Amino acid sequence: MHRRHFLAAGAGFFAQGSDVIKVGVIGCGGRGEAAAMNAMNAGPDVRIWAMGDLLRDRAEEKRAALKSKYPAQVDVPDARLFGGYGCYRQVIASGVDVVLIANAAKFHPLHMMAAIEAGKHVFVEKPHAIDPAGVRIVRQAAALAEKKRLSVVSGLQSRYHPGYIELMEKVHSGAIGRIVAIQETWLRAPYVLYPRRPNMKEIVWQGSNQYHFNWLCGDDVPQTLIHNLDRSSWALGDQAPLRCYGMGGRSTLKGGIYGNVFDHHSVVYAFGGGVRVYAFCRTIDNCYNENSSLILGTKGQCDLLNLTITGENPFQSQLGKNKNPAYDLEHAALFGSIRQSKPINNGEYMARSTMIAVMGQMSCYTGRQIAWEQANSSSFYYPPPAAEVTEDTEAPVHPGPDGTYPVFTPGLTRLGE
């Protein structure tokens, strides 16, 4: 059967009477722009059809940038370019087949569910949620997608890296013996900062500067270290931890532009069999930087990101050695599944790895040990509810007289109690 005859509604295919796969982009920052390029790299039949961002002019800017690089694949007239917190509804309703969700992570569960309810395939950037309430919605949305035969692909791109896959297969087959510990590290400078524009509402500015407000991004354990924690869970056979304890704070970043996030975290996770995962992240300029996943076994060590195994069974992978191809490959898998009508669903590890990161962040904020069951049953969420946020909503956090925002205090902060 020619693909133009496939039905979109409830069947997991793309629009009837069309030879193209129409894509809507929600979130037009750097990650949304990159995801759109990854999507178009998946085939000439992919069209960017609609775009939306909290700041419409940012969507306009990214439309122009994408059009200059992919002139035949970007078809976004002004009528399909949207702005505001509610723009996701317009993108989803614009006639697209696929929705790329790459805006503030607070909204990922809401937008994922809305897109799937509307019969759209989805790509969802990490983190997929920032609190236990959001993770529960992600699980429900992934289950609904499976029922409706829709594809769900995660921005946890390590799972699509051919070199990482090759090394994980060797780790799982015993190349480094029994895993005894894993060290996960991501030390970097702060993410992009968006200065406040004149007369911009507080709720809009915080949304535009979302990486620096925990009610929008979840802070750096879910926002960044989630990649590492996903790799740890993968190495351990997709286990969830039994419990964790963490510590963190704000030592260096000063000024209102840095919002209310911490600038350093460390979390220790206890897994079954006595395995410990030691996880570290920091977001401070002019410091030593590192991104690594080191898996320590009784017979050797796997340096996953450098594609090497040392010890009794040394090995060096050549797959994806010079350039990380996973960002393109995850989209190739998504669009390939749509063309072939063979849905893929990353929902299980999306939800598990997100909750691993969320429980670590909760422990850093409170100073308390958090058990897996406790995190999953927690009522904690960052107010206000995502569905209620508009450009007229009162911002949940405001600066003090010195222009800085209050941060959580371990030992005093309580979440979900």
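The table below gives the values:
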read-out	value
Taking E388, E33 and counting other C-beta atoms within 10 Å, the order from fewest to most	E388, E33
Euclidean distance of C-alpha centroids, the range 346-398 and the range 269-314, integer Å	26 Å
Reciprocal mean inverse distance between Cα atoms of the range 8-135 - Kirkwood radius, Å	14.3 Å
Considering only the chain, percent of DSSP beta bridges that pair antiparallel, nearest 5	50 percent
Kirkwood hydrodynamic radius (C-alpha pairs) into Stokes-Einstein, the range 136-179, 20 °C and 1.002 mPa s, D in µm²/s	167 µm²/s
Using a Förster distance of 25 Å, the FRET efficiency for Y278-A34 (Cβ separation, nearest 0.05)	0.25
Cross-link partners of K299 among lysines (Cα-Cα below 23 Å; sequence separation of 8 or more within a chain)	K170
Taking S232, S379 and counting other C-beta atoms within 10 Å, the order from fewest to most	S379, S232
Of (1) 145; (2) 322; (3) 155, the label for volume of the Cα convex hull per residue in Å³ derived from the coordinates	(1)
Efficiency of FRET between D75 and E417 - r from beta-carbon atoms, R0 35 angstrom, step 0.05	0.10
Straight-distance crosslink candidates among aspartates and glutamates, where the alpha carbon sits under 15 Å from K120 and sequence neighbours closer than 8 are dropped	D97, E146
Cα-Cα pairs of the range 116-262 separated by more than 24 Å (percent)	48 percent
Separation in nanometres of the label points that stand 7 Å from Cα toward Cβ, at R149 and K342	1.5 nm
Sequence of R339, R414 once ranked by neighbouring C-beta atoms within 10 Å, starting from the fewest	R414, R339
Those lysines that a straight Cα-Cα span of less than 26 Å connects to K254, excepting residues fewer than 8 apart in one chain	K106, K201
Computed [θ] at 222 nm, deg cm²/dmol, the chain (DSSP H ≥ 4; -39,500 (n - 2.57); rounded to nearest 500)	-9500 deg cm²/dmol
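Rule-based calculations on the coordinates, nothing more; no lab input. As the structure is a prediction and not an experimental result, all values here were calculated from the model. When we count neighbours, we look across all protein chains shown, and the Cβ atoms used for this are built from the backbone with ideal geometry, even at glycine.
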